[in-house]
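Notes follow once the structure below has been shown.
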Amino acid sequence: MTVVVITRDRRDELLRTLGRLAGLPERPRVIVVDNASGDGTAAAVRAAHPAVTLLEPGRNTGAVGRNLAVRQVTTPYVAFCDDDSWWAPGALRGAADRLDAYPELAGVVARIVVEPEGVEDPVVEELRSSPVPGPDRLPGPALGSFLAAATCLRVSAFRAAGGFHPRLWLGGEEELLATDLAVDGWWLAFAEQLTVHHAPSRVRDATGRRVDGLRNTLWYTWLRRPLPAALRRTWYLARSVPRDAASVRAFTRALAGLPWVLAERRPVPAGVEARLACLEEAQRASTARRYVG
């Protein structure tokens, strides 16, 4: 197992995370992608954690930084985490054991505990009660998507699917990759017994992330969903998101990308669409998809 972390201007949080990862009994190789931080992150990593592989692309690559890191991975599995999250002791071994035992699995998603309170992230209940129908033999509920910072993936499946799409950059970028994995015949599953800790950083642009997330949801919808589903979801979002400048920016940017989206549009087969359709009601009720902030 290799652990990949992307970071930007969160030196102190990253150093805490690297310290946690260094103390894991699995002793994973760690690759950090520094997305052009201006706070001395790279120098601090080299000084405090010389065993860490540090990649410096020289620009903010967003989620695509994970693609750059996976090119360096030589293990069969890769675990992602953010600079403000870390895997619990034994969780990486548990993830690898499940991926070993279930060859149809592309990835497993861990339970997320929010620190310092030590409480479950609300999204965990959504994972636990996933409506996606899947084979009974899976080691947990089948999922339609995943959260990168709490997921271990099979490297061969990740590479074959093309990794994270460069156009989406960051913000809900997992949904498109998860769908492409499903088209390739893979499954994703929630693993209740595995834990990731998340201490949300205060260094974040909530409004900017909302704009990107809503834009990416619209792009993903038109890239992969059949026409009736794409129209239905777009209409729902237009009616339900806040009526403010951020939402206008998101829809405007989504519309500006329509030429490339239509050129790359590949609606999923009926079997995969049936899985995605099962998620629509849950997505509408999800606290993670309110696009507020």
(request) Over all alpha-carbon pairs of the chain, lay out the pair-distance distribution in 10 Å bins, whole %, shortest bin first. (result) 6, 28, 37, 23, 5, 0
(message) Could you tell me the relative contact order of the stretch 50-162? Use alpha-carbon pairs under 8 Å, at least six residues apart, and round to a whole percent.
(response) 36 percent
(request) Mind putting a number on the dipole of the chain about its Cα centre? Charges go on the C-beta only, +1 for Lys and Arg and -1 for Asp and Glu, and I need it in Debye to the nearest 20. (result) 800 debye
(request) Calculate, axis by axis, the spread of Cα positions in the stretch 100-187 along the three principal axes, and write the results as whole Å, longest axis first. (result) 39, 35, 23
(message) So if I restrict to the alpha-carbon atoms in the stretch 47-117, what is the Rg, and what is Dmax, the biggest pairwise distance, in Å?
(response) 14.4, 41
(message) Looking at the stretch 39-197, I'd like the Rg to Rh ratio, where Rg is from alpha-carbon atoms and Rh is Kirkwood's inverse mean 1/r.
(response) 0.96
(message) Under the 0.36 nm per residue contour assumption, what length would be gained going from the current alpha-carbon distance of S286 and D100 to full extension?
(response) 63.8 nm
(message) Testing the spin-label approximation: label points 7 Å from Cα along Cα→Cβ at Q193 and A256. State their distance in nm.
(response) 4.9 nm
(request) Give the residue from V119, S129, S37 lying farthest towards the positive end of the charge dipole for the stretch 33-144; charges sit on Cβ (+1 for Lys and Arg, -1 for Asp and Glu) and the dipole is referred to the Cα centre. (result) S37
(message) Taking 20 °C and 1.002 mPa s as the conditions, I'd like the Stokes-Einstein D for the stretch 125-238 in µm²/s, using the Kirkwood hydrodynamic radius from alpha carbon pairs.
(response) 137 µm²/s
(message) Which trypsin sites (Lys or Arg not before Pro) in the stretch 17-106 sit in a loop by DSSP (not H, G, I, E or B) and have at most 14 other Cβ atoms within 10 Å of their own Cβ?
(response) R59, R71
(request) Compute, for R249, the solvent-accessible surface of its heavy atoms (probe 1.4 Å) with the complete set of protein chains present, and express it in square angstrom to the nearest 10. (result) 100 Å²
(request) Any chance you could list P(r) for the stretch 192-293, counting all Cα-Cα pairs in 10 angstrom bins from zero, rounded to whole %? (result) 13, 40, 32, 14, 0
(message) Could you work out the relative contact order of the chain? I mean the mean sequence separation of Cα pairs under 8 Å and 6+ apart, divided by the number of residues, in percent.
(response) 19 percent
(request) Find the accessible area per residue for the stretch 233-280; the probe is 1.4 Å, ligands and nucleic acids are left out, and the unit is Å². (result) 58 Å²
(request) Over the residues of the stretch 1-65, compute the C-alpha Rg and express it relative to 2.2 N^0.38 Å. (result) 1.03
(request) For the stretch 39-79, state the semi-axes of the equivalent ellipsoid (square roots of 5 times the eigenvalues of the alpha-carbon gyration tensor), sorted largest first and rounded to whole angstrom. (result) 20, 15, 7
(request) For the chain, with all protein chains present and a 1.4 Å probe, just round the carbon and sulfur fraction of the accessible area to a whole percent. (result) 55 percent
(message) What FRET efficiency comes out for C278 versus V114 if R0 is 35 angstrom and r is the Cβ-Cβ distance? Round to the nearest 0.05.
(response) 0.80
(request) Counting only GluC sites (Glu not before Pro) that are in a DSSP loop and have at most 16 other C-beta atoms within 10 Å, tell me the longest site-free stretch of the chain. (result) 118-293
(request) Would you be so kind as to identify which of A189, H165, S201 lies farthest towards the positive end of the dipole of the stretch 123-212, taking Lys and Arg as +1 and Asp and Glu as -1 on Cβ and the Cα centre as origin? (result) S201
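The values are calculated or read from the model by the stated rules, or taken from the named source; none is laboratory data. Fair warning: this is a prediction, and the values are worked out from it, not measured in the lab. When we count neighbours, we look across all protein chains shown, and the Cβ atoms used for this are built from the backbone with ideal geometry, even at glycine. What goes into the accessible areas is simple: the full protein's heavy atoms, side chains included, and nothing from ligands, DNA or RNA. Shrake-Rupley method; radii C 1.70, N 1.55, O 1.52, S 1.80 Å.
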